[in-house]
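The next block holds one structure in the form of structure tokens; read it before the comments.
The values are calculated or read from the model by the stated rules, or taken from the named source; none is laboratory data. Since we're looking at a predicted model, the values are computed, not measured. Reconstructed Cβ throughout: ideal geometry from the backbone, glycine too, with neighbour counts over all protein chains shown. Note: areas computed on protein heavy atoms with side chains; ligands, DNA, RNA excluded. Shrake-Rupley method; radii C 1.70, N 1.55, O 1.52, S 1.80 Å.
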Amino acid sequence: MPRQISFFDQGADTPTMKWLVASGAVATINPGTPTKFSSAGAIVPMVDADGTTSQRFTGIAKTTSTDTASAAGEVYTFIPLPGMIYAAGAKSATAANTQAKIDALLGARLIFDLTGTVGPGLTGQWTIDTAAGDGSSNCVVIIGGEYQTNTLYFLYRVGGTFQNV
């Protein structure tokens, strides 16, 4: 099962974008972390149960952010273009461990789950919360998976990204 969010099918020319990360902590965003706009206009890591239309998803981090306690930094994310297919583990070890379970999740609109914390050392683990249930404002849309590794493939709804203005 993936520890962070990755790409199932990433083209060689997947575009990236540089974003501002506010000061106040050190390297707050690691590769594989989903990110969003903060109320201050900088980029921050998503938190547990994010992944809805109330956030403005700015993509999956490609790099570690360069922020420090006293200076703002930057981070590069993969731009969340329509049709990009991501991969993440299911929160529960038994949620996607058969093809029938994956098939039952097809089209479900779910959210992210964070177990642990984000930041230096990759102590947090990002997964898909299949127990959250299908919700009309959820943006993680399941399109398949691999039951052998309890991995789900998903698209992220454009309506929950920074592109939806």
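Could you tell me whether Ala42 is of a type outside the set (S, T, N, Q), closer than 23 Å to Ile111 by Cα and touching a residue at least 24 places away in the same chain (Cβ under 8 Å)?
Details: of a type outside the set (S, T, N, Q): yes; closer than 23 Å to Ile111 by Cα: yes; touching a residue at least 24 places away in the same chain (Cβ under 8 Å): yes.
So Ala42 fits the description; yes.
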| field | Residue check, Gly59 within 27 Å of Gly133 (Cα to Cα) and either part of a loop (DSSP other than H, G, I, E, B) or of a type in the set (Asp, Glu) (or both) | value | no
| task | Output the residues belonging to the stretch 26-56 that are part of a loop (DSSP other than H, G, I, E, B) and open to solvent by 40 Å² or more (accessible area, probe 1.4 Å). | result | Val26, Pro31, Ser39, Ala40, Gly41, Val47, Asp48, Ala49, Thr53, Ser54, Arg56
| field | Meets criteria (open to solvent by 50 Å² or more (accessible area, probe 1.4 Å), part of a strand (DSSP E or B) and either at pLDDT below 95 or hydrophobic (A, V, I, L, M, F, W, C) (or both)) for Met17 | value | yes
| task | Sort out which residues of the stretch 57-67 are over 17 Å from Ala22 (Cβ atoms) and open to solvent by 20 Å² or more (accessible area, probe 1.4 Å), and write them in order of number. | result | Lys62
| note | Every listed condition ((1) open to solvent by less than 10 Å² (accessible area, probe 1.4 Å); (2) farther than 30 Å from Ser23 by Cβ; (3) under 12 Å from the mean Cα position of the chain (by Cα)) holds for Leu155 save (1)
| task | Quick one: in the stretch 112-152, of everything that is of a type in the set (A, V, I, L, M, F, W, C), under 15 Å from Ile5 (Cβ atoms) and surrounded by fewer than 21 Cβ atoms within 10 Å (Cβ to Cβ), which residue is modelled with the lowest pLDDT? | result | Leu122
| message | Please count how many residues of the stretch 68-108 are buried (at least 16 other Cβ atoms within 10 Å of the Cβ), over 22 Å from Gly133 (Cβ atoms), in contact with an Asp or Glu (Cβ under 9 Å, 6 or more places away or on another chain) and at pLDDT 95 or above. | response | 2
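Scan the stretch 73-82 and tell me whether some residue there is assigned to a loop (DSSP other than H, G, I, E, B), touching a residue at least 40 places away in the same chain (Cβ under 8 Å) and acidic (Asp, Glu). Walk me through how you get there before you give the answer.
Filtering the stretch 73-82 for residues assigned to a loop (DSSP other than H, G, I, E, B) gives 79-82.
Next cut, touching a residue at least 40 places away in the same chain (Cβ under 8 Å) only: 79-82.
Those left that are additionally acidic (Asp, Glu): none.
Looking through the stretch 73-82, none of the residues is assigned to a loop (DSSP other than H, G, I, E, B), touching a residue at least 40 places away in the same chain (Cβ under 8 Å) and acidic (Asp, Glu).
Being closer than 30 Å to Ala22 by Cα and not small (Gly, Ala, Ser) is true for just one of Gln148, Gln125. Which residue is that? So that I can check it myself, show each step before the final result.
Numbers: Gln148 fails: closer than 30 Å to Ala22 by Cα.
Gln125 is the lone residue from the list that is closer than 30 Å to Ala22 by Cα and not small (Gly, Ala, Ser).
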